[in-house]
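Structure first, then comments.
Coordinate-derived values only; no laboratory data. Because the structure is a prediction, the values reported are computed rather than measured. Positions of Cβ are generated from backbone atoms using ideal geometry, with glycine treated the same way; all protein chains shown enter the neighbour counts.
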Amino acid sequence: MKKILWLTIIMIPAITLAQPKVPVNQWRDKTIMLMAAHPDDDARSHGTLAMLHENGNKVYVVMITSGNVGTKDLNISRTDLAKIRMKEEIDALAELGIPADHYINLGYTDGMLEYEPRREVAEKLVRLIRQYKPDVLMAFDPGKGTVRWHKADHRTACHMAIDACRAAEWHLLFPGQIINEGLEAHAVSEYLLFDCFPETYNTFVDVTAYADKKINAALKYVSQWSSGNKKYTGASLSPEEEKQIREMRKKYTYNEEGKAIEKFRYYKGSPDGIGR
């Protein structure tokens, strides 16, 4: 019993120290970059993104694939779906106040990211980091101590995002960006990771004030989160289906106390240690 109590006392400060010194809801004048695989991967963080934008931070969202595969509609092409997903993401971000020119999509094929040329993808991600110089990177959590299981594109995207941060700070990696493009090496020192092991969450952001924006943004993913995934007939939902989806998203958004909380694993330091 004494041993358990001693371990608890030792572990509590470690968890506390892992949290940001300045709470996320007090961040100002930072540049935030979220990197993920698909249009809609940012949805679990929409409340935090809306809050960060409103508080005067620059928020950029980078998706590596166009989301051009995830449909059950047999009559839709990859090209058309990519265009639909592009508009859905831009419209969702608009609900959060984030402008369209802060959304970047690299256009790789959905479901095939792990088979793409990794050097090519890494170089593009490194370029974005050196161009926009984010203070904070948001991404799926690759895991702490143990590798976190994610489906294929999510798995590849989270590792590539962290690896790109590491590469971006070394001037002899992708030196052409520095020599020929006038960019500079850049170190990202703060990370907000989502979809983590439950026991590794250490940062809880109250986004209750932004819950309506989060839900309204979710309603824009018609080709993904509605009957439009099976048969896409346009960007509008019927009043009945909009009500149904809105109620479903409320259940996901609010906890039993009526609060909307988004959970993250916050890490500060070199990307080399992010999984330790």
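Roughly how many Å is it from the Cα centre of the range 108-124 to that of the range 15-88, as a whole number?
Result: 18 Å between the Cα centres.
Per DSSP H run of at least 4 residues, take -39500 (n - 2.57); add these up for the chain, divide by its residues and hand me the 222 nm value, nearest 500 deg cm²/dmol.
Roughly -12000 deg cm²/dmol at 222 nm, from the helical runs in the chain.
Could you tell me which of P99, M51, V136 has its Cα farthest along the dipole of the range 49-192 towards the positive end, charges placed at Cβ (Lys, Arg +1; Asp, Glu -1), taken about the Cα centre?
V136
Label points 7 Å out from Cα along the Cβ direction at Q26 and E247: separation in nm?
Distance between label points: 4.1 nm.
Pairs K21/K259; K83/K214; K124/K231; K30/K251; K87/K263; K30/K214: which exceed 29 Å Cα-Cα?
Result: K124/K231; K30/K251 exceed 29 Å.
Which order do peptides 225-232, 127-134 fall in by mean Cβ count within 10 Å, highest first?
Ranked from most to least packed, the peptides come out as 127-134, 225-232.
For the range 24-273, taking Cα atoms only, what is the radius of gyration to one decimal and the Dmax to the nearest whole Å?
17.9, 57
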